[in-house]
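Here's the structure, in structure tokens; my notes come after.
Quick note: the coordinates plus some simple rules give every number you see, no bench work behind them. All values derive from a computational prediction rather than experimental measurement. Cβ atoms come from the backbone with ideal geometry, glycine included; neighbour counts cover every protein chain shown.
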Amino acid sequence: MSKHRCTRRAYFRLTDAGAGSLLLSSCGLKKEQDSHQPKAGNREKPKHIITLSFDDGFKKSSIRTAQIYEKYNLSACINIVATAGLKTFNPPGEYIAGSDRGDFDLWNELKQRGHEVMPHSYKHANLRQLPLAEAKDLIRRCLDYFSKELKGFDAKKAVFNFPYNSSTPELESWLPTQTKAFRTGGGAINPLPHAGQVKLTCTGYGPGNCEKDIEANIAQLLGRDSGWLIYNTHGLDGEGWGPITSGFLDKLLERLTAIKSVAVMPAGKALSQFSTV
Ligand SMILES: [Zn+2]
């Protein structure tokens, strides 16, 4: 795809391309030595890590997101609701109800192409509003479902992304016995990955377009010596809560991959690659 200016015309061209490309390409990511991400064997920690953490597993948006990340040889961070692809799924709100959601055929395909697919709950219940035993049970069922359906899934390497970024102290202290880490609400800028880091916090903006808020958070990150920005995004081109356009994402990744101090990475990969260096 050629480079685009953020014109209205370019926006529609990109949108059309997204709608017309629901069949998956099999290109995936190139070998790591070609990537903008830190090279294999080069374990030097980047000064700034940026994770756009895409929630809710919208089919069209997830396919388009993966394609745009692949253009820059990057892995997308996609967090999905275990049962959202089932006909029996009861969407908890209009922003999830309004669009088609992917299934594990798609998630396995995207994972195989080098993207990160992580749990975003069993059925998108607000776990803070449930009795502790029920919340734990839903998390266990979510992780069991992933173990059964997502090839190569290992809960001990997973990041659990709380629905509504809504956790409790009890769940936060219990979750590290089940997963490597969890993402919940809080400050957008985390310390760089380090040993023992189990709580990742993020921000987001909605229900309207969140591009200005992303830009403001990136400017804050780059104004610091170092840090790890985790920003909770959802869908593209009008899909989901607080969407961005595919044209914006494309230009943003183009810009970020040109900045030497920045690595754009999914959360689990950032932890596994840099929490011990
Ligand atoms: Zn969600």
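Multiplying the residue separation of ARG141 and THR88 by 0.36 nm and removing their Cα-Cα distance gives an extension gain of 17.5 nm.
Among rounded, prolate and oblate, which fits segment 157-277 when a ≥ b ≥ c are the square roots of the eigenvalues of its C-alpha gyration tensor, a/c under 1.5 means rounded, and a/b larger than b/c means prolate? Oblate is the answer for segment 157-277, as a/c is 1.5 or above yet b/c matches or exceeds a/b. Excluding same-chain neighbours fewer than eight residues apart, the aspartates and glutamates reachable from LYS156 by a Cα-Cα span under 13 Å are ASP144.
Which shape class, rounded, prolate or oblate, goes with the chain when its Cα gyration tensor gives a ≥ b ≥ c as root eigenvalues, a/c under 1.5 marks rounded, and past that a/b bigger than b/c marks prolate? Verdict is rounded for the chain. Please tell me the relative contact order of segment 45-274 in percent, rounded to the nearest whole number, where contacts are Cα pairs under 8 Å and at least six residues apart. Relative CO of segment 45-274 lands at 29 percent. In terms of surrounding Cβ atoms within a 10 Å radius of their Cβ, CYS202, CYS210 rank from fewest to most as CYS210, CYS202. Its Cα gyration tensor gives segment 145-225 an equivalent ellipsoid, and the semi-axes of that ellipsoid, as √(5λ) in whole Å with the largest first, are 26, 16, 13.
Each residue, GLU254 and GLN129, gets one label point 7 Å from its Cα in the Cβ direction; the gap between the two is 4.2 nm.
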